Structure formats: structure tokens, C-alpha cells
1. Restricting segment 106-123 to residues that are open to solvent by 10 Å² or more (accessible area, probe 1.4 Å) and touching a strand residue (DSSP E or B) at 6+ places or on another chain (Cβ under 7 Å), which is modelled with the lowest pLDDT?
2. What tally of residues in segment 54-86 results from selecting those that are touching a residue at least 24 places away in the same chain (Cβ under 8 Å) and either of a type outside the set (A, V, I, L, M, F, W, C) or at positive phi (or both)?
3. What helices (runs of 4 or more DSSP H), lying completely within segment 206-300, carry at least 3 residues that are buried (at least 19 other Cβ atoms within 10 Å of the Cβ) and among the small types (Gly, Ala, Ser)?
4. Are there any pairs, at least 6 apart or on different chains, whose C-beta atoms fall under 6 Å, with the first in segment 195-212 and touching a residue at least 40 places away in the same chain (Cβ under 8 Å) and the second surrounded by fewer than 18 Cβ atoms within 10 Å (Cβ to Cβ), and if so, which?
5. Look at ARG145 and say whether it is at pLDDT below 95 and open to solvent by 10 Å² or more (accessible area, probe 1.4 Å).
6. Output the number of residues of segment 161-173 satisfying the condition of being in a loop (DSSP other than H, G, I, E, B) and open to solvent by less than 40 Å² (accessible area, probe 1.4 Å).
7. Does segment 1-54 hold any residues that are over 25 Å from ASP194 (Cα atoms), in contact with a Phe, Trp or Tyr (Cβ under 9 Å, 6 or more places away or on another chain) and open to solvent by less than 30 Å² (accessible area, probe 1.4 Å), and which are they?
8. Has segment 118-131 got any residue that is of a type in the set (A, V, I, L, M), touching a Leu at 6+ places or on another chain (Cβ under 9 Å) and farther than 20 Å from ARG163 by Cα?
Amino acid sequence: MLTLAVFTKNRTNDAYAAARLGSERTAARLGARVVHYVPQRPDDIEQQIALVGQALTARPDAVLFVPVHDTAMNASVRKLNDAGIPVVNLLNRLTEGRFVTFVGSDDYRIGYDIAACLFRHLGGKGDIVVLEGVPGAVTSRDRVRGFHDALAQWPGIRVAASRAANYQQETARRVVAELLPGLPRLDGILSANDVMSLGAIEALEAAGRSAAVVGVNALPDAITAIKRGKLLATADFDALKIACIAAEAAIRHLRGQPVPRDIELPVQIVDAANCQPWDRPLEERECPRWEDVVKQLRDR
């Protein structure tokens, strides 16, 4: 039986729980098994380096790799390459190494589109807070770049504060709680992922304040918040779907089948008007069909 080693960044962000679930589901369907490698400390570089060493000893047939940092893991990826272990890079794009494929989405477009959604809702005017992710994460950098390019198109929007909340709910709750006393006006919060959005909502509610909040990931808790009117919108950066396709890409490669060099799932904004397809637990969400994803790539 083929073995896939799956590297994710932490156990505190539900997006990575979704990725682990997606990889397991596809592996089981295709007659393979998964072994997970997750740092005990969230997004810890040294721990992920050590976990790569463990995987090299175990000799999996292929690796699905979400790096905790886009450059700090380059040497570890080269070791996997040197050992002849095929690597599929997913979610966070690495800057070096040899890969079967990258599977993810366009983080710049995600950032731009979710920012534009918020700015339109605000009528092009207002004060906002930006919550960035982990500084070393390429997803955060690209989404924030999209935020700023959208801001350039909406001169009536003012960034009252921008802080890194490290893609963590509790960190975002604390950051927003600390900011609120100094922000007599706050119209919106532009967040680089859903769990930070949920933390921001907690802080707003605790302070008796309100603001339009958006996020990224389309996690089940975010969909619930949209239905309750607490979250304006999220972007469908669905880690379960991405990991499903990444696991299938790895297994197809091992079986000598063709795999596209780069697989980006389309960007979609999810709000109260269209959230029904996402309104289900992760365990009930479906993996996309390989044929459909490849056809979308060809049709672009």
C-alpha cells in the first residue's frame, strides 16, 4: 500500500484539519494510507525541520508538503528531493525545490476580491483594521498585497491599523481587543483568514462594538457566522478540496499518470446569498473530481 506523508502547519487552525481530512479521504479512496506530520508548536520551523528528518527515515512513497515558512524549509525540501521522494507542494507555495505540482489558489486574487467585497459594502468610505497572517507565510504576503492593491482603487477607505495576528483566533481576538479603545470609529475588519475573523468578532462583541468583517477559507464556522449576520463574507480557499486534489496528484504521479505542473482552484466569494453549498461540516463536504479540476485548468 502506498504511503503519503502529509505535512501541515499546526493543529490550531481548522483549515489544516480540513487539509488532513481531505488527504485521508482521497488516499483511502485510491487504496493508499496517510501519515501526518504536524509541529506541536504552531508553525514552528525547527519542529517541521525535525519532522522532515523523521519522514526521511520512514521513507514514504510521496510527500504532501505545507511549509511553515516559504524559504526556511528549502533545505528540508532539497533533502526530500535528494532522497528521490516525490513532493507535492500545497496551500503555501515554496520558493525552491522540485515538485510534482503545486496545488492551491491565487492568494493575491483572493486578497483583492475579498477586500473589494468589503469596500463595496462600506460604500467606498470608512476606517478599517487589517489582520495579517503569519509574517513568514507566502499566503499572508500575497493576500495582503491584494488588500493594498484594492485599497489603491478605493481612496475613501482608510487603514486605521494593520497587525499580524498569525492566522490564530485567540491572537486576533486579543489584537482587536487591544486596538478598539483607540479606534472610536471602526467600519470594517479585513482579515487574511476565517479564524482571525472569528476572533475579531469575539472582540467586537465583548466590547459592544460592531463592524463589517470578512475573511478567507470558507470554514464551516465562518459559514455559520455569515448565516447569523456576524460575518459579511469569506473567500473559498478550501483546504479540504486542495488537499484532496494534492493527494490524488501524488498517487497519479506514483502510478505513472499525467499531472499538471500547477493546479490553482478558482477564487469565489461566499456570502449570505450563495453560502448554501458550503453550509455543511467538513466531514460532509465533497472532494472535487480530478477530471473537473483539470478541465477547468484547460478552459481558462
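1. ASP106
2. Number of matching residues: 10.
3. 239-254
4. So the pair list comes out as ALA212/HIS121.
5. Spelling it out, it is not the case that ARG145 is at pLDDT below 95 and open to solvent by 10 Å² or more (accessible area, probe 1.4 Å).
6. Of the residues in that region, 3 qualify.
7. Of everything in segment 1-54, those that are over 25 Å from ASP194 (Cα atoms), in contact with a Phe, Trp or Tyr (Cβ under 9 Å, 6 or more places away or on another chain) and open to solvent by less than 30 Å² (accessible area, probe 1.4 Å) turn out to be ALA5, LEU51, VAL52.
8. Within segment 118-131, none of the residues are of a type in the set (A, V, I, L, M), touching a Leu at 6+ places or on another chain (Cβ under 9 Å) and farther than 20 Å from ARG163 by Cα.
The values are calculated or read from the model by the stated rules, or taken from the named source; none is laboratory data. The structure displayed is predicted, hence computed values, not measured ones. Cβ sites come from the backbone with ideal geometry, for glycine too, and all protein chains shown count toward neighbours. Just the protein is used for accessible areas: all its heavy atoms, side chains included, with ligands, DNA and RNA removed. Shrake-Rupley method; radii C 1.70, N 1.55, O 1.52, S 1.80 Å.
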